[in-house]
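Structure first, commentary second.
Just so you know, all these numbers are worked out from the coordinates, no wet-lab data involved. A quick note: this is a predicted structure, and the numbers were derived from the prediction, not measured. Cβ atoms come from the backbone with ideal geometry, glycine included; neighbour counts cover every protein chain shown.
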Amino acid sequence: MNDNNNDHAVVDIDCMEAINGLYAYLDGEMDDPVQISKIENHLCHCRSCYSRTEFEKTLSERLRKSAGNQTPERLHDRLRNLIDRF
Amino acid sequence: MNTAISDDNAARTDGNIRPPGRVTDTGQMKDEDTKAAFSRHVENCTDSLYSLALRLTRNNADAEDLVADSVTKAWSAFESLEDRNRFRPWLFRILHNCFISSYRKKSVRPVEHAYNDLVDDDSHDDLTSLLIKQPDEFLLWWSNPEREFVNSLLGEDIMSAIEMLPEAFRITVLLVNVEGLSYDEAAEVLDVPPGTVRSRMKRGRTLLQKSLWEHAREAGLVSDDIKRCTS
């Protein structure tokens, strides 16, 4: 662990490196704080990658909202009855 | 280290329900506690289970049967689940296995993207993300004034695109993007390495974007200026 990361300038990365790490970053799969800083620093000054990131976020959010389905009440009842008989 | 979800923990019985919990001095009380805990866990994930089952079976009745079957199997194996904080991915795995063994053959399959979906490595670059391959025109489209209109149709469009994804990508995207599972959890549910989940997510998203992009062009959601720019 390096607690002094904030004391040093974050090394800039190019767009390709940023995009390659973008999904891991957005999915919360990036554990390395240095790598996270690099991505965030790049997004702060790269309009193109920032827009791409916003698009991915929006698409993911729309997907989450669109994919949800209302569970029929009869299924809730069925499961309750099922578990009661266990 | 895979300690939470394994096939050993998955129920293998069909209909023969073995109540978990041991007979103790409190006897029935112990079982009731277990049952109450099980019931709470199921209640908390019913919506997610049903949504996933519906996307897999594409049929309301089958989705409900699949959820009920999965819950039955989960009950028979509940005692073997050591970490109950992992109930959700554990139950997803049971549902996925149940789907493969009993429901997949009869599920209605729409025309899916013609794609070599069994290839899980990153060696193919023909489907590089639109965000890399077509950055300028894509960003022009995305930032144009019609964006709000596109947004208003996006839910329906997205689900159509999801439906056309090959099953391996569809379920991976749903588990990670919709249900919020980590790559490791999704890997355990699908019984594949985490790296496979990562590559399926990349490819699934790429196919999704490609499909939406084509739909936007065909539906006239892309302005003439942008079409000229991309032609």
Between the helical axis of A:15-26 and the dominant principal axis of chain A, each derived from Cα atoms, what acute angle in degrees is found, rounded to the nearest 10?
-> 30
Least to most buried among B:TRP90, B:TRP75, B:TRP213, by other C-beta atoms within 10 Å and fewest first, runs B:TRP213, B:TRP75, B:TRP90
What's the average, rounded to a whole number, of partner chain beta-carbon atoms within 10 Å of each residue's beta-carbon in B:174-183?
-> 4
In degrees, nearest 10, the alpha-carbon axis of helix A:33-45 is tilted away from the dominant principal axis of the alpha carbons of chain A by 80
Measure up A:LYS38/B:LYS202; A:LYS57/B:LYS35; A:LYS65/B:LYS202 against 28 Å on the Cα-Cα distance and list the ones that go over.
-> A:LYS57/B:LYS35
Average Cα contact separation per residue, chain A, under 8 Å, 6 or more apart, as relative contact order % | 26
So between B:SER160 and B:VAL192, what do we pick up on full extension, going 0.36 nm a residue minus the alpha carbon distance?
-> 8.9 nm
